[in-house]
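Step one of this worksheet: look at the structure below.
The values are calculated or read from the model by the stated rules, or taken from the named source; none is laboratory data. Values in this document were obtained by computation on a predicted structure and should not be read as measured data. Here the Cβ positions follow ideal geometry from the backbone for every residue, glycine too, while neighbour counts run over all protein chains shown. The area values use the complete protein model at the heavy-atom level, side chains included, leaving out ligands, DNA and RNA. Shrake-Rupley method; radii C 1.70, N 1.55, O 1.52, S 1.80 Å.
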Amino acid sequence: MEKKTRRNFMKTLGASVGAAGVLSSGSLLSACNRVEEVSGDKITLLTSSGELVVVDRSQLKPAELPSLTENQLRGRKGLPGRSWVMVIDLSKCRNARECMKACQSHHQLRPEQHHINVLQMQDSEDTAPYFMPKPCLHCDNPPCTKVCPVNATFKREDGIVLIDNERCIGCRFCIAACPYSARVFNWKEPRDAEKYEGVTYNIEANVPQKKGTISKCLFSADCLRDGKLPSCVSACPNGVYWFGDKNEDAVTNGTTKETVSFTQLVKEGAAYTLMKELGTRPRVYYLPPKGQEASPIEGDHI
Amino acid sequence: MNRLKNIIGTAVLMMLALPVLGQDWIVPDEQAALANPSEYTLDNVKLGKAIYTKNCKSCHGDPGKNNPLALVPVPVDMASEKMQTNSEGSLFYKITNGKGVMPPFESSISENDRWLLVSFIQNYSPGREQVLLDLPPIKAKLLASVNEAQGLVDIMAEYEDANEVYVPLLNAPVIISSKKAFGNLKIGETVTNDQGRAIYTIPENTMGDEHGYLSVVVSLSEEYEAAEVILDKALVGTAKEVPELIRKGVLWSTNNNVSLWVLISYILSTGGAWMVIIYVIVQIVKIKKYSRSS
Amino acid sequence: MQKTESPEESRRKLDKIVSDLTRSILLKDELTRFWFFILIMFAGVGLWGWILQIKNGLGVTGMGDYISWGLYIANFVFFVAISLVGLLISSVLQLLKISWAKPVSRAAEQIAIAAVALAGIIIVMDMGRPDRLLNIFLHGRYASPIVWDLTVVSTYLAISLLLFYIPLIPDLALLHERMGPELPTWKRKLYKVLALGWKGNDLQFKTVYHALRVLMILIIPVGLSIHTVTSWLFAATLRPGWDSTIFGPYFVVGAFVAGTGALIILMYVYRLRYGLKEYYTDMHFDRMGKLLVLVCLVYLYFNINEFFVPVYKMKLAEGVHLKTLFSGGYAFMFWFAQIVGLVLPILLIQLKFFRRPLPLSLISVVILLSAWFKRYLIVIPTMEHPFLPVQNVPESFHHYKPTSTEMLIMLFSFFAALLIISILAKLFPVITIWEVAEEQGIDKEYLTEKSNTQ
C-alpha cells in the first residue's frame, strides 16, 4: 500500500524524492498533496491535512514514470469492485466555497472553470433560496459518453465518468449533451501551463489540463486510488459531503469522518437526484436543503 | 483618478469591515445576561462534548490544542481566553445566530443542546472547576478472534495499570465496526465482563462483500490508547450481489459493448452505400472499356 | 422533343448550343479575373483567421463553457442544408421525369459539392484539437452521431461528385474534340483524361444512363440521412429547443427551402453572366418559383408544429427558450425568418410577377438570409439557457457574441464555397450539353461526329 502511494505521487508531480529522509513521512507523498508555489529552488506543497511543506527542488529528480499508456489503461479500468457515490447534504451547505477552491487547485483550473460549482437555487417564488454544490453527477446513463465520437470520455466500472485529454478532439458535443452543465472546456492555454510543462499527464486528475480539450469533475479519481476522499469532500468545513462505495453500502463524511450506511442516509434523509425525469440516473444524491439559510449573494459571484 | 478613488474606497470599506470581521461581535445586553438553564455537571458536559464533536470540532478543533481549520477569520479555540471572556448568554447567542463563516445553529441544534454546548465550553473556564478532564489516554491492548461458523467475535482487553503491568480491562465498552473505503462503519457495541473478555455476535443481516467477507474492526473508546484489531476478510457477513455496471449493448459504452442494432445498422447502411458507389465506379471503368469495343 | 431535322440543321443547332454553353469556360474578361481575385483574397484572409485560432486556441472565439457551439456549427448546418438541393433537383425531379429540371441539375450539383465540402471543413475548424482528426478513424465510436455525420457527409460528397462527373463524360469528349487553341493545353488534356475515351456508342450511353439511375436512387437515402443525422446532433441531447422528435424531417424540409433559394440565385447569375436566357428560360424560373412555394409551405407546416406544441405546454425550460425567441433578444431574427423569410415569399410567389427571374432571385436572397438566421437560432439560443442557472462565471459566458476571428473564418467558408462553384463553372459547362442537344432533338451521332469532319 505504501509503495503504491509513493508511485502515485511521482505520477502527479513527475518527480520523486531523491535523497532519503528529506520527506520522512510517507503520507506527504500522496497524489492529493498539491503544489502551491514554485519559487527558485523551493517547491511548496500543500498536504491533504492542510499543512504547507517546503521541499528543496534539488531533492526532486525526474522519476521513472510509468508510461502514459499505462496510466491511461489503468485509468480506464477503474478501481475493481467499487461503485462510488456521493451524498450532498444541502441542509449543511453555508456557501463556504472551500470545495470549489480545493477543486480548482487540485485540477489546475482557471478561476472561471468549475468542476464543482456552488449554485444559488430557488425552486419557486414562494420557496426559500438555497445553495447547491453541483459536481459532475457521474450518471449511470451518461448522455455525454453516449455522444463522444472518439471514446475520449467514458464510464468506468467503478461508476466514474472520466476524460482522456490525450484523446479528446474538442468537438464539445458532450457539453451540448450534458443537461447539468457539468463540463468545462480549455478555451485558452490552461492555468500555469508553463509551470506544468513536460509533466506526465494523469488521466485520473485531468492534470496537466490540455488546451482545446474538455475537463470536468472526476471524483478526484487519483485520490480514490490512494484511499483518500475527493478534494472537495475533504475540504468542506460544514460536513456537506458524504462519499463512499455503494457496493459496501457505506459513506464517509469528509468533515467529521463519520461513516454511516449509505442506504440509511439516503432513505432517512429523503434524498433525491437532480432532474431524475431525464433518466440519466445520477450517482450524486442530494439531501433536501431543509433549514439552510441562504441569503442572496450580493455583487459579483466570482 | 479613478484608481485613487478605488483605493480610497477599498480602504474605507476595509476599515468599516474590520470590526465586523471578528474583532467585535456585539451581543445585545439582555441576551448576554441570560443564564445557562442546564446544570454544570459531568453528565451535561459529556453530552455537550458529543454535540461539540459532531457540529463544531471540524472547524474549531480540540479545546486547548489550537488546531482550528484555516478559515478567515480563524475559528477561536474553546479553551482560549478570547472564548472564555464570553458570558453564558453571549455564547448561546453566538451559537444560535452565527456570523460570517460561522453558521447559525438555530435550526440545526435544539435550544437545550445549545445550552449543553455552553456547559461544555464552560468546562474550560478558568473560573470553574474542570469536571471533564482531558486525561492522557490509558494504554491498552486488544485481542480479538472471529468464529466464522457462529458469527462471533471473541474479544479480550487489557490495560496498563499504575505499576505498568497489563491487567484485564473490566466493564469497558468495545466497539465493533466493519472497515469501509474511508472509515469504519459501526456494527455494534459490547462491554467486557469481569475477566476483561467479551463475545459479540455479529447481527445476521450485516452486509459483507459479494462473497460475504467482512473486515471486522474491534476498538476501544477514546479514553484508551489501543491499536484497533482488524480481523481481515472474515466470512461473517451476508453476501451482497455486486451489480455489473458496464454491460453489452449499452449505448453509452465503448465499441466493445456496442449495441448490436447500432453496429448492424451502421455497417449495413454505410457498407451498402459504398458498395453501390463502388458499383458505379465499376460502371465508369466499363465506359472506358466500351470505347475500345466499337 | 421535336423530330430530327436535316443533318445540316442539327449541326448548326449543336454549334450554337456548344458556343453558348462553353462561354463560362472561355470567358476571360477583367470581371472574371477580378472575381477570382476577390474570392481568393477573402478566402485567404479568412484562412488566416483559422491559423490565428489554431495558434491561440478556441478562446479567440466568443464561445464559452455554456454557449459552446456558435457560428461555426450554425454555418455547418447552413451548408449541409444548402447541399441538399442536389438531392432534390438532380435526383427526385429527374426520377419523376420532370424534364425542365435537366438543365438545372448541374448547377445544383455544383452547389451540393461546394456546400458539403465546406461543411466537412467547418467541422474540422470547430474542433479544439484539429490535429487529432485521425482519432475519429482510430477510435471512432459507432454509437456517436458525429461519427455517423462524418460518414454520411463523406458518402454524400462522393455521390455528388459522381453525379456531377458521369453526365459530364460525353460533354468532355465533345469539348476535347471541338475546342481548339482557345483552350490552354492543360485543360484539353484534362478533358481528354476525364472523357475516358468516350466514343458515344450505345453501350456507353446505356452504361451512363444506368449508372446515373443507380446514383439518383442511392442519393435519396443518403441525402435524407445527411440532414437527418445533422439534426440528431441536436435532437440527441436533452436540451430544451433541441429535444424534439420532428427535428429530422424539419431539417430536411428547411434544407430544401434554403437549397432551392440558393439554386435560383445561381441560375440567375449564370443566366445573366453567361447569356443563358434560352436555357434558363422564364419558364424555368416560373417552375422553380412554384417548387419554392411548395417546399416553403411544407416548411411552414413543420415550423407551426415545432413551435405550437411546446408553446401549448410551456414546460419550464422550454418556456424560457421560447420567450427569448418570441419576445426576447432573438425576436427580430426569429420573426424575420418566419414572416419575411417564409410567409411573405409564399404569398408573393403566388403572383406570376414574382416568379419572373429578377423578382424571384431577390426573394431567394431574402430566403437564403433568413435560412441562415434560422440556423443561427437553432444553435445559439438553446445553449444560452441550460437547465441549471449559469453562475460564478464571467459575464461573457452568459451571452454569445461572435468575435472577429469567427467572422474571418465564416468569411472563409462562404468565399471558399463560392470559389469551388466558380472553379467548377470555369472548368466545365454549367449546363449539360448533350442533354440539351438531346432535348432539342439532335441525334446522338452528331455529338461525336464533329471530330471526324473538322
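Only one of A:80, A:149 is out of contact with any helix residue (DSSP H, G or I) (no Cβ under 8 Å at 6 or more places or on another chain), farther than 16 Å from residue A:283 by Cα and either within 14 Å of chain C (Cβ to nearest Cβ) or of a type outside the set (Asp, Glu) (or both). Can you tell me which?
A:80
If the requirement is being under 19 Å from the mean Cα position of the chain (by Cα), of a type outside the set (Lys, Arg), at pLDDT below 95 and assigned to a loop (DSSP other than H, G, I, E, B), which of these qualifies: A:166, A:125, A:189?
Every option except A:166 fails the conditions.
Kindly evaluate residue A:253 against the criterion of being in contact (Cβ under 8 Å) with a residue 60 or more places away in the chain, farther than 30 Å from residue A:68 by Cβ and of a type in the set (S, T, N, Q).
Judged against the criteria, residue A:253 is not a match.
So, residue C:422, is that one open to solvent by 10 Å² or more (accessible area, probe 1.4 Å), of a type in the set (S, T, N, Q) and within 14 Å of chain A (Cβ to nearest Cβ) or not?
Spelling it out, it is not the case that residue C:422 is open to solvent by 10 Å² or more (accessible area, probe 1.4 Å), of a type in the set (S, T, N, Q) and within 14 Å of chain A (Cβ to nearest Cβ).
What's the total number of residues in segment A:226-244 that are surrounded by 24 or more Cβ atoms within 10 Å (Cβ to Cβ) and either touching an Asp or Glu at 6+ places or on another chain (Cβ under 9 Å) or within 14 Å of chain C (Cβ to nearest Cβ) (or both)?
6
How many of the residues making up segment A:205-225 are part of a loop (DSSP other than H, G, I, E, B), within 13 Å of another protein chain (Cβ to nearest Cβ) and open to solvent by less than 10 Å² (accessible area, probe 1.4 Å)?
Matching residues across segment A:205-225 total 4.
Only one of (1) surrounded by fewer than 21 Cβ atoms within 10 Å (Cβ to Cβ); (2) outside any helix (DSSP H, G or I); (3) within 14 Å of chain A (Cβ to nearest Cβ) is not met by residue C:124, so which one is it?
Of the numbered conditions (1) surrounded by fewer than 21 Cβ atoms within 10 Å (Cβ to Cβ); (2) outside any helix (DSSP H, G or I); (3) within 14 Å of chain A (Cβ to nearest Cβ), the odd one out for residue C:124 is (2).
How many residues does segment A:106-128 hold that are open to solvent by 10 Å² or more (accessible area, probe 1.4 Å) and away from chain C (no Cβ under 11 Å)?
Summing the residues that are open to solvent by 10 Å² or more (accessible area, probe 1.4 Å) and away from chain C (no Cβ under 11 Å) in segment A:106-128 gives 6.
In this structure, is residue C:147 within 14 Å of the chain's Cα centre (by Cα) and of a type outside the set (Lys, Arg)?
Judged against the criteria, residue C:147 is not a match.
Give me a count of the residues in segment A:245-257 that are closer than 22 Å to residue A:156 by Cα, open to solvent by 10 Å² or more (accessible area, probe 1.4 Å) and touching a helix residue (DSSP H, G or I) at 6+ places or on another chain (Cβ under 7 Å).
2
When you look at residue C:220, is it within 24 Å of residue C:86 (Cα to Cα) and either in contact with a strand residue (DSSP E or B) (Cβ under 9 Å, 6 or more places away or on another chain) or surrounded by fewer than 20 Cβ atoms within 10 Å (Cβ to Cβ) (or both), yes or no?
Taking the combined requirement at face value, the residue satisfies it.
Which residues, taken from segment C:78-98, are outside any helix (DSSP H, G or I) and open to solvent by less than 10 Å² (accessible area, probe 1.4 Å)?
C:84
If you scan segment C:9-62, which residues turn out to be outside any helix (DSSP H, G or I) and of a type in the set (S, T, N, Q)?
Selection gives C:22, C:61.
Tell me which of these residue C:65 doesn't satisfy, since it passes every other one: (1) open to solvent by 20 Å² or more (accessible area, probe 1.4 Å); (2) facing chain A (nearest Cβ under 8 Å); (3) of a type in the set (Asp, Glu).
The failed condition is (1).
Any chance segment A:263-285 includes a residue that's of a type in the set (Phe, Trp, Tyr), within 28 Å of residue B:183 (Cα to Cα) and open to solvent by less than 30 Å² (accessible area, probe 1.4 Å)?
No, segment A:263-285 contains no residue that is of a type in the set (Phe, Trp, Tyr), within 28 Å of residue B:183 (Cα to Cα) and open to solvent by less than 30 Å² (accessible area, probe 1.4 Å).
Please find, among B:218, B:174, B:167, B:242, the residue that is among the aliphatic types (A, V, I, L, M), in a strand (DSSP E or B), without any contact (Cβ under 8 Å) to a residue 40 or more places away in the chain and out of contact with any helix residue (DSSP H, G or I) (no Cβ under 7 Å at 6 or more places or on another chain).
B:167
Tell me yes or no: at least one residue of segment A:159-173 is open to solvent by 10 Å² or more (accessible area, probe 1.4 Å), more than 15 Å from residue A:113 (Cβ to Cβ) and more than 7 Å from chain C (Cβ to nearest Cβ).
Yes, there is a match, as at least one residue in segment A:159-173 is open to solvent by 10 Å² or more (accessible area, probe 1.4 Å), more than 15 Å from residue A:113 (Cβ to Cβ) and more than 7 Å from chain C (Cβ to nearest Cβ).
Within segment C:236-256, identify whether any single residue is without any contact (Cβ under 8 Å) to a residue 24 or more places away in the chain, β-branched (Val, Ile, Thr), buried (at least 23 other Cβ atoms within 10 Å of the Cβ) and over 30 Å from residue C:445 (Cα atoms), and answer yes or no.
For segment C:236-256, residues without any contact (Cβ under 8 Å) to a residue 24 or more places away in the chain, β-branched (Val, Ile, Thr), buried (at least 23 other Cβ atoms within 10 Å of the Cβ) and over 30 Å from residue C:445 (Cα atoms): present.
Only residues that are within 13 Å of chain B (Cβ to nearest Cβ) and either of a type in the set (S, T, N, Q) or surrounded by fewer than 21 Cβ atoms within 10 Å (Cβ to Cβ) (or both): list them for segment C:178-197, please.
C:192, C:193, C:194, C:196, C:197
Counting only residues that are facing chain C (nearest Cβ under 10 Å), open to solvent by 40 Å² or more (accessible area, probe 1.4 Å) and polar (S, T, N, Q), how many does segment B:236-285 have?
3
What residue, among those in segment A:93-105 that are open to solvent by 20 Å² or more (accessible area, probe 1.4 Å) and not charged (D, E, K, R), is farthest from residue A:131 (Cα to Cα)?
A:105
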